[in-house]
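Below is one structure, written out as structure tokens; comments come after it.
The values are calculated or read from the model by the stated rules, or taken from the named source; none is laboratory data. In this text the structure is predicted, and so the values were computed from the model without any measurement. Cβ: placed from backbone, ideal geometry, glycine included. Neighbour counts: every protein chain shown. Ligands, DNA and RNA are stripped out before the accessible areas are found, and what is left, the full protein with its side chains, is counted by its heavy atoms. Shrake-Rupley method; radii C 1.70, N 1.55, O 1.52, S 1.80 Å.
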Amino acid sequence: MSTATEAIRIIPKSPGANDEGQWLEVSMGPQHPSTHGVFRMDVVLDGERIVKLKPVFGYLHRNHEKIAENESYLGSMPYTDRLDYFCSLTNNWAYALAVEKLAGIQVPERAEYIRIITAELTRFQNHACLIGFLTQDMGASGTPLMYAFREREKILDLFESLTGARMMCNYMRFGGCRVDLPAGWIEQARAAVASFPRFLDEFEQLLASNEILMARTQGVGVLSKEFAVNAGVSGPVLRASGVNYDVRKADKYGIYDRFAFKIPLGEHGDTYDRYMVRLLEMRESLKILELALRDIPAGPIVDPKTKIRGFRPKPGEAYAHIEAPKGDLGFYLISDGSSNPYRYRVRPPSLVNLTVLEELCIGHNVADVVVILGSIDIVMGEVDR
Amino acid sequence: MTLSMFQAIDQIDQIFVTSQHRLVSDLPAEFQSISSAILSVIAIVLVFALLFAITTVLERKGLGRMQNRYGPNRVGPCGFFQPLADGVKSLTKEDLVPRTADQLVHFLAPVLLVMAAFLAYAVLPVGRNMVLVNLNAGVLYFFAVGSLVELAVFMAGWSSRNKYSLLGAMRAIAQMISYEVPLVLASIVVIMAAGSLSTVSIVDMQASYTGIWPHWFVFTPWGFAGFALFMIAATAESNRSPFDLPEGESEIIAGYYIEYSGFKFALFFLGEYLGMFATSAMAITLFLGGWAAPFSFLTWIPSYLWFFAKLVLLILIFIWIRGTLPRLRMDQLMSFAWQFMLPMTLLNLFVAGVWHFMPAGIVRWLVCIALLVAPAILLSRSLKQGKKFAVRHYRFAE
Amino acid sequence: MFGEGILKGLAETARNFFGSYVSKDRLTTVQFPEQRLPQIEAARNFPFLVYDGEDWQQGMRCVSCFICEKECPPKCIFIEKSTDKKPDAVGKPQFYPKVFNIDVSVCMSCQICVEVCPFDAIKMDVAFEHSTNNRFAGLLWDKKELAKPNEYYRQIHPIEAAAVDAALAEERAKVAAKAKAAADAKAAAIAAAAASTSVEVATEK
């Protein structure tokens, strides 16, 4: 055997396997440019075809849940920013919602509006960047990604002037929000929202009918309706498979029932559907944003009865979930009456959506794996916690 | 215009040729031919290395502007000294060689790649009377030397002992060999028309005018189709987007040169760009009239300027395409080569024959265009039909 | 049809290429060291300790109540209480921090210490160019490095600082009024006592 072949670990042919040649085991990640963080896939290849794929994660484990159990309720809020670090405001909201349920706190009207505005802006920028990353994984040398980042900049500027930070916002509080909107914020937000349709048109012009994109995504990574439901997949990935489930509609948390918006549904459940569903969802988000920015009332932004220091909810448990950009994000809390939660549990959409990865990838090429992974939209901060 | 003006123009056009003659004329007769060859080689190496440097800046700035960024703008005026900084950086970087790599082959691969790329320039006429060697089988020599690139790439991929580089090398070999077939077939139409394999005589044939219009081969149906097919194949041959699968950095990271660092990596980069320049220059020679001016009244501009203007234009188109398109997949790439490119190039050969034997006139044009367009549409349909790619419409739930 | 979408995409990138030269909207990059974005009221980076007046040790508002140390999610604050007392921002005698350290390599700029502080003593700074070549000592800031004057706070967060100043002024006025009332009462009591004793003395006489 020549020296060069020794370096490559050849997996012995498994009995009964109907492969012509030998299999090659490749470890994609954790230092791989398109695994969206420190994620590893143990891929077994037959030529370039995927025979087996084992997702390996845990490289970014930070003990989030255990830390939160030793932290005051408020102290966990900035940690939730770091779950899905692309969408800190929706994470904040889900956690605040769980604590509000636990302690029975009411949220003032204006705060509900601010929450919806920030959440929909978060959804918009997440989907825009995801589409950018997806095309980047397809090798589009970053052009759509840069357009997405250009628009995201406007949203991050809004977040910065509101919350003081661009990504780690730490903005929601139990019973409302931390600070009121600064002067001129609504006008700035309206101007930004008004400029987004043009950007979406640009995106569509650039990509939607591109033959190469269609060839790369249509029929790739098909997730069937039944399997999606059985695996507990949520968010745009689930809706691309044609299942009409959106927590905003199903649970009507916050004041989402006041807004008229539609849920785009895919039919084939392939990568192209996942991509298009997100693109259409962005347009729906803009509708919500326009209405919310028009109707936002004046008033207090936080329930004056909630205490900042020495917050101790009654013993009990609560689970609240919201439609985060990546899917169904839930927080489960048990209180024993002390200032720390007795149990704190996150249901991260990325982790659950990631479980179907192997099913989607088998039989496809190496090149498809990164595209399918990109279309599932994971953030390792949330997967590993 | 007076005769002296014509002479002056001619002198400027031939300035490099005459100065080379003057330089070597003092030497003893037996050294004259070799020293003139060495001078030409030095000129080619310097000019195209400089073009490489300029292209990297242009590419980064152009891509940046397409993506609404500035691109490099810190080193020197408008960032044009960026390649110098990059060169210094790559020279001072640690040269890592994997312990288990085949040391000799690992070292030879980038050298061979750059050498092969430079060899191709021997037969490319960059201006009137400006060609290193006027081989009577110049086109054949060009494609033969071009095949050396595949060897270099495979040497790099195999000797690195890395699974990604092996995958990259496999992809590169499959892709380059598949696209070499349409590349050669697309250029055969020109050889048929010109009746010569010599690059110099091919350009000479195109350097005449009817009225103000030139006789470039691209201005015929078969020439245009041949040019388009040649450029597509050349994109794949030089591993440029959307056919950059061998190095697809989002899939197999950097493909065959994943284990290269420092100056060897820079050599790979250089070799790749030189290959792109060479195939573009070949396309110019075959279809775009080489160094000939596009209109008869513009012949006073020196021929080498025209050649480089055309080359830069093609490079800009490469950059534009790179900034726009996502990458194809391996199987799609191969089916495109064998199911679309190969039949189209073969058909183009037939059309070139039809053109040759039909009387000149509008009928000849219409027949040839019909013969090319109809099969192209049919073939692209059949490429799509198995997969049913379409823009979809979505339903909404309330 | 074949190639149509590709041509559309090429047209779009060409539009952006030329657009980036004419439209400010498209080219949003800020050339950082030369260009800087305007100050934002809400901006936050690392905490600092506010002091009033000239002397940073005398004017420090912190009374070392340990609330921020307890509430800080990553536990990056370390406080040691003094044994003696000094007047605080409103004039009451209070303890002050003998040691107040923040490890900014641990701090995650969450602003919770600012929110929980009942004395408006700790606020968020906006300076962000803090790179250092010493990983441990350079990033552990002590009381002296953390102390910044109230004028600086007014400069970086004008609206918030005005509200804080107003609240503090009110508090001070209240305390002063209380002190005055107490002093008056005391004086009155003394006067009354004096009067009563004098009366007593008078009656005794």
Report every pair of residues separated by at least 6 positions or lying on different chains whose Cβ atoms are under 6 Å apart, first residue within region B:196-216 and under 19 Å from residue B:124 (Cα atoms), second of a type in the set (Ser, Thr, Tyr) and open to solvent by less than 30 Å² (accessible area, probe 1.4 Å). B:199/B:285; B:203/B:285
Counted residues, region A:333-373 - those being hydrophobic (A, V, I, L, M, F, W, C), open to solvent by 10 Å² or more (accessible area, probe 1.4 Å) and in contact with a Leu (Cβ under 9 Å, 6 or more places away or on another chain): 2
Top-ranked residue in region B:324-345 [being more than 25 Å from residue C:13 (Cβ to Cβ) and hydroxyl-bearing (Ser, Thr, Tyr); ranked as modelled with the lowest pLDDT]: B:335
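Listed here are the residues, each with its yes/no results for (1) within 14 Å of chain A (Cβ to nearest Cβ); (2) farther than 30 Å from residue A:365 by Cα; (3) open to solvent by 60 Å² or more (accessible area, probe 1.4 Å); (4) in contact with a strand residue (DSSP E or B) (Cβ under 7 Å, 6 or more places away or on another chain).
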site: B:91; (1), (2), (3), (4): no, yes, yes, no
site: B:121; (1), (2), (3), (4): no, yes, no, no
site: B:134; (1), (2), (3), (4): no, yes, yes, no
site: B:150; (1), (2), (3), (4): no, no, no, no
For region A:299-308, does any single residue satisfy the condition of being within 23 Å of residue A:199 (Cα to Cα) and open to solvent by 10 Å² or more (accessible area, probe 1.4 Å)? no
Working only within region A:126-150, note down all residues that are polar (S, T, N, Q), touching a residue at least 40 places away in the same chain (Cβ under 8 Å) and under 20 Å from residue B:62 (Cβ atoms). A:135, A:136, A:143
Among B:252, B:191, B:232, B:212, the single one that is assigned by TED's automatic domain parsing to the domain that holds residue B:145, within 30 Å of residue A:211 (Cβ to Cβ) and either open to solvent by 20 Å² or more (accessible area, probe 1.4 Å) or in contact with a strand residue (DSSP E or B) (Cβ under 6 Å, 6 or more places away or on another chain) (or both) is B:232
Selection count where residues are within 10 Å of chain B (Cβ to nearest Cβ), farther than 16 Å from residue A:367 by Cβ and in a loop (DSSP other than H, G, I, E, B), scope region A:19-46: 1
Filter result (over 21 Å from the mean Cα position of the chain (by Cα), more than 11 Å from chain C (Cβ to nearest Cβ) and open to solvent by less than 60 Å² (accessible area, probe 1.4 Å)) within region A:47-87: A:47, A:48, A:50, A:51, A:53, A:69
Check A:135, A:143, A:122, A:90 and return the single one that is touching a Pro at 6+ places or on another chain (Cβ under 8 Å) and within 14 Å of chain B (Cβ to nearest Cβ). A:135
Among residues belonging to region A:215-232 that are out of contact with any Gly (no Cβ under 6 Å at 6 or more places or on another chain) and open to solvent by less than 10 Å² (accessible area, probe 1.4 Å), point out the one that is farthest from the other protein chains (Cβ to nearest Cβ). A:228
Do we find that residue C:109 is open to solvent by less than 20 Å² (accessible area, probe 1.4 Å), within 8 Å of another protein chain (Cβ to nearest Cβ) and not aliphatic (A, V, I, L, M) in this structure? no
(1) more than 14 Å from chain B (Cβ to nearest Cβ); (2) open to solvent by 40 Å² or more (accessible area, probe 1.4 Å): which one isn't true of residue A:252, the others all being true? (1)
Among the listed residues B:316, B:298, identify the single one that is under 20 Å from the mean Cα position of the chain (by Cα) and either under 30 Å from residue A:369 (Cβ atoms) or of a type in the set (A, V, I, L, M) (or both). B:316
Does at least one position in region C:48-62 carry a residue that is in contact (Cβ under 8 Å) with a residue 60 or more places away in the chain, touching a Gly at 6+ places or on another chain (Cβ under 7 Å) and within 14 Å of chain A (Cβ to nearest Cβ)? no
Residues that are open to solvent by less than 30 Å² (accessible area, probe 1.4 Å) and within 30 Å of residue B:206 (Cβ to Cβ): list the helices (runs of 4 or more DSSP H) wholly contained in region B:298-398 that include at least 2 such residues. B:303-324, B:342-357, B:362-385
Tally of residues being open to solvent by 70 Å² or more (accessible area, probe 1.4 Å) and at pLDDT 80 or above across region B:8-53: 5
If residue C:156 satisfies all but one of (1) hydrophobic (A, V, I, L, M, F, W, C); (2) buried (at least 17 other Cβ atoms within 10 Å of the Cβ); (3) more than 13 Å from the chain's Cα centre (by Cα), what's the number of the condition it fails? (3)
